[in-house]
Amino acid sequence: MEGSTSNYTNQTSPSPNPVTTTTRRERKSHFSVSDDNVMMKQVVDTHHPDGTDIGVDPLVHMVEEILRRASINASIEKDSNSALAHTDIAKLEAKSRQNNLVLMLNVFSHTIDKLAREMSFKSLSTAVDPHTRVISLLHTVGNYDWDAKMALFIAAFALNYGEFRFLAQIYSSNQLAIPLELKSRFDALNRLIHLVLELTQCIIQFKKLPSRYVSSGEAVMDRAIRTFPSAGYWNARAIIAIATQIANLTSTGDEYWILGSVTESWELASLAHKINNLIEFLRKQLEECRRLIEERKEMEVKNSFNQLFDTVHIDNMKILKILLNSRDDPLPLFDGSTKRRVSLKVLRKRNVLLLISGIGMSRDELSILIAIYCESRIQGSRMDALYELVWLPIVDPNDDYTDALHAQFEDQKHSMPWYSVYHPSNIDHAIKKSIGDRWHFRSKPILVVLDPQGRELSPNALHMMWIWGSNAFPFTIAREEALWRDETWRLELLVGGMDPIILEWVSSNFNFQSSYDRY
C-alpha cells in the first residue's frame, strides 16, 4: 500500500528494455503501472487549492444522517445510546453544527448543486466513461483541499439519493419478497456507501491534526498526504458506480439487477477492495500521527505544568482552565447544590480544593468528606467563603468508558454537594499524567489546595481535612504545625477509643496502682 503512493507524482513508467524478452503477464503489469501513473498525474493536475479552508464536519454529519436513514443495513448507523449522546454537551454541539451547516450550505450550495447535476442519476445514461466523469468532478472542486473535495462529493451524491432511499424503504419493508440476487446487490451498494463515508472521515481526521505537534513534512504525514489524490479519485469513482447502478435499476426495474452482468458485480467488489485498502493504510498513518502527538503533547505539558505553578498569575483562571477544561466547554462544571451546569467563573479568585480520585471513590470516605463540607456551610458566611471544592474524576485511559462506568460517574457526581467536572473527558490525558507526576496521584484520593491566584498551598491536604475539618484552612504546612502545637498531648489523645475504663480513670484522677490492685 505504502509503495503505491509513488504513483501520485509526475512519474513516467520505465521504458521496456528491447533486449529483454517479457512475458504477457509482465507486459500487462508494465501497462498497468503506466496507466496508473498517467491516471494519477491527471488527478494531481486538477488540484489547485487556493487556501480556502472550510470546516466540513457539519456537512459530512448531514450527509451521514441522510445516508444512514436510507441505508438498508445498520452498518453506518451511529450508536444513539452512547453515554455522551444525550448530554447537554451533545445538544450544544448539535445546535452549533446546525448553525454552521446553514452557513456552509449558503456558501457552497452552487458548487454542490453543480456536482449533483454532473453525477445525477439521469445524466449517467450517457456514454461518458467513469474516469472522464471523475476528472471533470475534480476540476469542478479544484480550488479546494482534499477533505473539502470529498465532503462536497458525498454532499452532492446525497442530494440525488432520494430515489435509492425509496427503493431501500420498499426493500426493508418486504425483504422476503426480494430475490436473493437483488438483496446481494443492495448489500454491496450499502457496503460501498459505508466505505466511501469512512474514507472521507479518514481524510478529514488528518486535517484536524494539530500542526504544532505533527507537521506535513514529517514522514508519516507525507505518506498519508501522498495518498490523498488516490483516495479522492477512488471515492469519486465509487460514487459514480453507485449512482450508475441505481440509475439503471430505477429505469429498468428489478430485472436489471437480477440478470445484471458479472462485470457490474465485480466492479462494486473491486471498488470496495480498493477503498478498504486505502482506509486501512490511512488508519495506520493516523494512529502513528496520534501516537506522536500524544507523546509530544505530554512532553510539552510536563515541561510547562510545573512552571505554570511557579508563575505569578492575577487569578486562578488559567490554571483551572488547563486542569478542568481542556475541551473548551463553556459550562465545564456541575454544581452539586443546584444540579446545574456552570462556568469556571464561579471559582475565580477563590481558594479551590481539588478532590482528585477515580470514579469508584469509597462511600465511607465520601460520606465523611460530605459531612465536613456541609458542616462548614452551616457555620455561616465566614466558613462558606473559605474555599470551593471541585471533584476531578480521573479515568484510566486504558479502561473503556462504558455506559456502566458513566452511570457510576453520574451517581457519584450527583451525590456530591460541591462542584464536579461535568464529564471526565474534560480532563486531558496529558494533564492526567502531569497530575500523577506532580502530586503523585495513583488511585487513592488526594486533596490539592490552590489559593485565589492558583498557587499551590498543599499537594495533599486530605489527612488535615479528616483530622481538623475546615478548621485546618488554609491547609498549609504552617497551619498544620500550629494545629499540632495547640493539641495537648494528653493521655486521652493516646488511648481515646481503646478502653472506656481507662478514660474513666483519667477523668476521675484515679490512682492507677490502687485501681489495678482491686482487679
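Mind checking the full-extension length gain between H414 and A269? Use 0.36 nm per residue of separation minus the Cα-Cα distance, one decimal, nm.
Here the segment from H414 to A269 would lengthen by 47.0 nm.
At R0 = 41 Å, how high is the FRET efficiency between A407 and D486 if r is their beta carbon distance? Nearest 0.05 is fine.
The calculated FRET efficiency here is 0.35.
Using just the C-alpha positions of segment 380-487 as equal point scatterers, what log10 of I(q)/I(0) does the Debye formula give at each q in 0.12, 0.14, 0.16, 0.22 1/Å?
Log10 of I(q)/I(0), two decimals: -0.51, -0.68, -0.86, -1.35.
Return the whole-Å distance between the Cα centroid of segment 285-351 and the Cα centroid of segment 386-405.
14
For the residue pair R363 and S136, what label-to-label distance in nm results when each label sits 7 Å from Cα along the Cα-to-beta-carbon direction?
The modelled label-to-label distance comes out at 7.1 nm.
Hey, rough spin-label estimate for R348 and R438, points 7 angstrom out along Cα→Cβ, what's it come to in nanometres?
About 2.2 nm separates the two model spin labels.
Report the calculated FRET efficiency for T338 and N303 (r = Cβ-Cβ distance, R0 = 30 Å), to the nearest 0.05.
Once the sixth-power term is evaluated, E becomes 0.20.
How large is the direction-averaged shadow of the alpha-carbon convex hull of segment 188-253, in nm²?
For segment 188-253, averaging the hull's shadow over all directions gives 5.0 nm².
Taking only the alpha-carbon positions of segment 408-457 and ignoring solvent, what does the Debye formula give for the base-10 log of I(q)/I(0) at q = 0.21, 0.22 Å⁻¹?
These q points yield log10 I(q)/I(0) values of -1.05, -1.12.
Going from the alpha-carbon gyration tensor of segment 276-343, what semi-axes, largest first and in whole Å, does one get by taking the root of 5 times each eigenvalue?
34, 21, 7
Say the cut-off is 26 Å between C-alpha atoms; which of K207/K345; K183/K284; K349/K413; K321/K433 go over it?
Correct reply: K207/K345; K183/K284.
Compute log10 of I(q)/I(0) for segment 265-397 with the Debye formula, placing one identical point scatterer on every Cα and leaving out solvent, at q = 0.14 Å⁻¹, to two decimals.
The Debye formula, applied to the Cα set alone, gives -0.85.
Grab every C-alpha pair in segment 318-471, bin the distances at 5 angstrom width from 0 up to the longest one, and report whole percents.
2, 9, 19, 24, 24, 15, 6, 1, 0
With each label point set 7 Å from Cα along the Cα-Cβ vector, what nm distance links Q205 and R117?
3.7
Each value in this text was obtained by applying a stated rule to the coordinates, not by laboratory testing. Because the structure is a prediction, the values reported are computed rather than measured. In this analysis, Cβ positions are derived from the backbone assuming ideal geometry, glycine residues included, and neighbour counts consider all displayed protein chains.
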